[in-house]
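Novice: First, the structure itself, so that you have it in front of you.
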Amino acid sequence: MSNYKKIIWQYPWRYAESFIIAIALLILGFAINYIGKNTVSSIQWPVNLYLGIAIIILLLLIYFLFKKKPFVKWLSSIPAAISAICFYTFLVLLMGFIPQGSPKASGLVHEIGLSDIVSSHAFLFAQIYFLVILGLVTLRRSFPLKGNNTGFFLNHFGLWLTLFAASIGAGDLQRVTITVSKTNAVYYGVNQKGETIHDLGVAIQLKEFNIEEYSPKAFIIDNKSGDILSKQIFYLEKGNKGEIMDWEVEVDDFFEYGVCMGEKFHPVYDIGAAPAAYVITKNIKTNEINEGWISCGSFRFQGNFLKLSDRMLLVMAEPEPKKYSSKVKIYTTSGDDFETTIEVNKPVTVNGWKIYQLDYNHAMGKWSDISILELVKDPWIPVVYFGIFMLIAGALYMFWIGNKKKID
Amino acid sequence: MYILNFNNTAFITIALWIIGLLFILVDKKLKNARLIGNLFSIIGTLVIIGFLIFLWIEIERPPLRTLGETRLWYAMFLPIVGILTFIRWQYKWFLFYSLGLAILFLTINIINPENFDKTLMPALQSPWFVPHVIVYILSYALLGVSSVVSAWGLYLIKFKTFKPELLNKADNLVYMGFSLLTLGLLFGALWAKEAWGHYWTWDPKETWALLTWLCYLLYIHFRYKNKQKIITALWILALAFIVLLICWIGINYLAVSGYSVHTYSS
């Protein structure tokens with residue numbers, strides 16, 4: 001715009017200054033990791049609350065007392081915003097290429113914090129830089145708040161609040177894995193650091209573990225290597241007909257719970273009973289017919305296969321779970337005991353904990369005698385969600401406005 | 001085994017679309033050619049919509065799990081957007097682009113036959129599944145068009161025939177695509193909280209989705225203040241789409257992918 005060439009570091013700062021500052025912060029972050037050999041540990045309640053309030057007051061003070069100062073003006077400028085986006089993007093990009101949290105990580109990449117970027121100082125600086133700039137931009141456009149700034153406010157303040165609450169609240173997130181069984185109520189679990197946690201305030205006893213499974217699939221495998229040769233999806237259900245490679249396959253009989261006695265499978269509902277199917281196969285080329293029982297077996301009973309040729313076997317794969325859930329009895333310290341069912345995607349809330357269905361004993365499959373649950377406490381979630389809902393509203397607004405511009 | 005035969009459906013659809021495009025190509029010379037062309041394109045699209053509906057019923061789950069299945073959705077949405085845009089604004093190139101890409105997607109699916117598998121892991125059985133994937137599909141379709149604009153723009157600049165209005169069109173597409181990208185990311189976060197206990201776990205797909213989002217965020221902010229720096233803007237737009245492609249397709253080939261809930265098993 002102006003004809004004279006601006007000397008660097010002379011206000012107003014633009015792209016050169018913004019990027020130099022961002023790169024300096026990046027290098028400083030790497031250096032601190034390299035020299036200090038430590039990662040950023042997250043702060044916890046109530047320190048994070050005090051720090052959060054302090055940061056908000058600081059941002060408000062900076063804005064209201066110094067908004068005319070060129071430095072503060074720069075902090076809420078587009079060049080600063082772009083340098084902050086680039087700084088953050090650069091670190092996320094590294095995260096996209098370098099495997100994170102690998103225990104084998106070593107060398108310079110590890111020493112400057114790149115094997116665990118989220119806990120590195122460079123990432124901390126990127127977040128602070130991003131949040132300061134985003135915070136000041138939001139303030140500048142919010143006073144006075146005008147109607148046509150609605151979208152801007154929802155998007156910018158929503159993002160600021162989400163990132164801010166997620167960052168300072170990270171230290172308060174508790175995830176405890178608890179393995180429950182039918183024998184007695186369990187009142188302790190293991191957190192993500194591997195420590196045993198006793199004061200959960202709840203005890204859980206498994207009443208019943210349920211798995212609903214898909215029909216098992218049939219595959220043709222190599223006799224020697226065990227590699228799967230067929231690509232077709234063929235479900236073993238009574239009466240099902242189809243082709244697998246060069247064979248026409250028909251399921252003559254099928255038991256969800258079968259046990260082999262002598263030569264034959266019988267429908268028996270007993271611990272360890274596995275699905276079994278009686279199949280008839282016909283080779284399309286040679287018309288050779290084979291028939292027999294196949295079963296995937298279980299931890300208790302051996303499986304069975306059908307020999308198609310010297311090289312190929314028809315086998316049943318273990319059925320994949322469709323749904324699994326735990327019927328549990330929950331005891332709380334307040335004496336409020338109740339029974340409930342916890343299912344994947346359907347957590348239950350008790351005493352500030354959200355309880356999730358996590359896993360079970362895979363070797364025993366549907367006969368699993370244990371259920372693995374996860375208790376999660378994240379006190380900052382309402383604030384994060386408030387930010388997320390603002391962002392959703394902002395995105396809908398933006399979609400609508402983008403549309404309008406096109407019509408104009 | 002299935003009443004549905006994908007190959008036949010795909011061939012019929014492709015044939016209908018090609019006939020439609022040919023009519024539209026000669027609309028100056030032939031009376032009613034545009035109307036007939038539109039009609040053929042619409043019928044072709046209805047065939048693919050019908051196929052998706054029957055497939056959904058047949059496999060007893062939303063057909064949104066594998067890459068091949070999502071390609072089918074693109075082959076449905078792109079023509080809808082393309083035909084509507086063509087009827088409303090008469091952008092011929094846009095119709096050719098959207099139908100052409102839809103034909104490409106169907107062809108990829110014909111070459112890589114997919115066995116539509118009924119199984120869906122329990123975590124994916126959620127009311128969030130459909131909105132999460134659909135907003136992403138729509139978003140990618142819009143951002144895909146913006147990348148065509150950027151490539152076309154870079155080509156025009158070489159021959160000094162570039163007009164800034166072209167980039168304004170890209171801006172609108174990016175605004176719409178970016179807002180859907182935001183929704184997709186947030187729906188994913190809300191879903192993850194219900195399914196896995198936390199809204200953000202830096203899963204490789206999440207990381208790349210965030211990167212894609214950041215690249216378009218960069219484009220929007222760059223365009224906001226630097227309207228005259230056309231070439232830089234065009235390059236940011238082109239690179240952002242490359243990041244999007246890595247997120248969509250390339251993720252399965254990266255060293256980081258490891259165990260990710262988003263790695264589509266085949």
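Novice: Can you list the helices (runs of 4 or more DSSP H) found entirely within the range A:51-163 that contain at least 1 residues being within 14 Å of another protein chain (Cβ to nearest Cβ), among the small types (Gly, Ala, Ser) and within 17 Å of A:ILE23 (Cα to Cα)?
Specialist: The qualifying helices (runs of 4 or more DSSP H) are A:78-97, A:121-142.
Novice: Please go through (1) of a type in the set (Gly, Ala, Ser); (2) within 30 Å of B:HIS198 (Cβ to Cβ); (3) more than 28 Å from the chain's Cα centre (by Cα) for A:ALA203 and return the number of the only condition it doesn't satisfy.
Specialist: (3)
Novice: Provide a single number: the residues in the range A:1-26 that are outside any loop (DSSP other than H, G, I, E, B) and exposed (fewer than 13 other Cβ atoms within 10 Å of the Cβ).
Specialist: Selection size over the range A:1-26: 1.
Novice: Here's another thing I want to ask about it. Could you check the range A:224-239 and list, in sequence order, the residues that are among the polar types (S, T, N, Q) and within 8 Å of another protein chain (Cβ to nearest Cβ)?
Specialist: Of everything in the range A:224-239, just one residue is among the polar types (S, T, N, Q) and within 8 Å of another protein chain (Cβ to nearest Cβ), namely A:GLN232.
Novice: Report, ordered by the first and then the second residue, all pairs with beta carbons closer than 6 Å, sequence separation of six or more or different chains, a first member in the range A:65-79 that is assigned by TED's automatic domain parsing to the domain that holds A:ILE20, and a second member that is of a type in the set (Gly, Ala, Ser).
Specialist: These pairs meet every condition: A:TRP74/A:ALA80; A:PRO79/A:SER18.
Novice: Using the structure shown, decide if A:TYR356 is under 28 Å from B:LEU120 (Cα atoms), hydroxyl-bearing (Ser, Thr, Tyr) and not in a loop (DSSP other than H, G, I, E, B).
Specialist: Yes: the conditions hold for A:TYR356.
Novice: Please go through the range A:321-363 and pick out each residue that is touching a residue at least 40 places away in the same chain (Cβ under 8 Å), more than 12 Å from chain B (Cβ to nearest Cβ) and in contact with a Ser or Thr (Cβ under 6 Å, 6 or more places away or on another chain).
Specialist: Result: A:SER326, A:LYS327, A:ASN351.
Novice: Here's something else I'd like to know. Within the range A:219-241, how many residues are modelled with pLDDT of 90 or more, of a type outside the set (Ser, Thr, Tyr) and open to solvent by less than 60 Å² (accessible area, probe 1.4 Å)?
Specialist: So the answer is 9.
Novice: Now a separate question. Got at least one residue in the range A:307-319 being under 27 Å from the mean Cα position of the chain (by Cα) and either away from chain B (no Cβ under 14 Å) or crowded, with 18+ Cβ neighbours inside 10 Å (or both)?
Specialist: Among the residues of the range A:307-319, at least one is under 27 Å from the mean Cα position of the chain (by Cα) and either away from chain B (no Cβ under 14 Å) or crowded, with 18+ Cβ neighbours inside 10 Å (or both), which makes the answer yes.
Novice: Here is a further query. Only one of these conditions is not met by A:GLU195: (1) within 30 Å of A:VAL350 (Cα to Cα); (2) charged (D, E, K, R); (3) touching a Gly at 6+ places or on another chain (Cβ under 9 Å). Which number is it?
Specialist: With respect to (1) within 30 Å of A:VAL350 (Cα to Cα); (2) charged (D, E, K, R); (3) touching a Gly at 6+ places or on another chain (Cβ under 9 Å), A:GLU195 is out only on (3).
Novice: Kindly check whether there is at least one residue in the range A:260-270 that is under 34 Å from the mean Cα position of the chain (by Cα) and either within 25 Å of A:ALA363 (Cβ to Cβ) or crowded, with 18+ Cβ neighbours inside 10 Å (or both).
Specialist: There is no residue in the range A:260-270 that is under 34 Å from the mean Cα position of the chain (by Cα) and either within 25 Å of A:ALA363 (Cβ to Cβ) or crowded, with 18+ Cβ neighbours inside 10 Å (or both).
Novice: Can you confirm whether the range A:187-200 contains a residue that is among the aliphatic types (A, V, I, L, M), farther than 23 Å from A:PHE64 by Cβ and without any contact (Cβ under 8 Å) to a residue 12 or more places away in the chain?
Specialist: No, there is no match, as no residue in the range A:187-200 is among the aliphatic types (A, V, I, L, M), farther than 23 Å from A:PHE64 by Cβ and without any contact (Cβ under 8 Å) to a residue 12 or more places away in the chain.
Novice: Can I ask one more? Out of all the residues in the range A:369-389, is one or more within 14 Å of chain B (Cβ to nearest Cβ), open to solvent by 70 Å² or more (accessible area, probe 1.4 Å) and of a type in the set (Phe, Trp, Tyr)?
Specialist: Yes, the range A:369-389 has at least one match.
Novice: Right, another one. Out of the residues in the range A:80-97 that are over 17 Å from A:ASN33 (Cα atoms) and without any contact (Cβ under 8 Å) to a residue 60 or more places away in the chain, which is most open to solvent (accessible area, probe 1.4 Å)?
Specialist: A:PHE97
Novice: Separate question: Say we look at the range B:191-217 and pick out the residues that are open to solvent by 30 Å² or more (accessible area, probe 1.4 Å) and assigned to a helix (DSSP H, G or I); which of these is nearest to A:ILE178 (Cα to Cα)?
Specialist: B:TRP196
Novice: Restrict the check to the range B:170-184 and report whether at least one residue is in contact (Cβ under 8 Å) with a residue 24 or more places away in the chain and more than 11 Å from chain A (Cβ to nearest Cβ).
Specialist: Yes - at least one qualifying residue is present in the range B:170-184.
Novice: For the range B:198-214, what are the residues that are more than 7 Å from every other protein chain (Cβ to nearest Cβ) and closer than 16 Å to B:LEU180 by Cβ?
Specialist: Once the filter is applied, which keeps residues that are more than 7 Å from every other protein chain (Cβ to nearest Cβ) and closer than 16 Å to B:LEU180 by Cβ, the range B:198-214 yields B:ALA209, B:THR212, B:TRP213.
Novice: Still on this structure, I have one more. If I filter the range B:225-241 for residues that are at pLDDT 95 or above, within 29 Å of A:PRO382 (Cβ to Cβ) and of a type in the set (Gly, Ala, Ser), do I get at least one hit?
Specialist: Looking for residues that are at pLDDT 95 or above, within 29 Å of A:PRO382 (Cβ to Cβ) and of a type in the set (Gly, Ala, Ser), one finds none in the range B:225-241, hence no.
Novice: Within the range A:27-61, track down each residue that is open to solvent by less than 90 Å² (accessible area, probe 1.4 Å) and in contact with a helix residue (DSSP H, G or I) (Cβ under 6 Å, 6 or more places away or on another chain).
Specialist: A:GLY29, A:PHE30, A:ILE32, A:ASN33, A:THR39, A:VAL40, A:SER42, A:ILE43, A:ASN48, A:GLY52, A:LEU59
Novice: If we only count strands (runs of 3 or more DSSP E) wholly inside the range A:192-298, which ones have 1 or more residues that are touching a Lys or Arg at 6+ places or on another chain (Cβ under 6 Å)?
Specialist: Output list reads A:202-213, A:247-261, A:289-295.
The values are calculated or read from the model by the stated rules, or taken from the named source; none is laboratory data. All values derive from a computational prediction rather than experimental measurement. With ideal geometry, Cβ positions are generated from the backbone for all residues, glycine too; neighbour counts draw on all protein chains shown. The accessibility values were calculated without ligands, DNA or RNA, using every heavy atom of the protein model including side chains. Shrake-Rupley method; radii C 1.70, N 1.55, O 1.52, S 1.80 Å.
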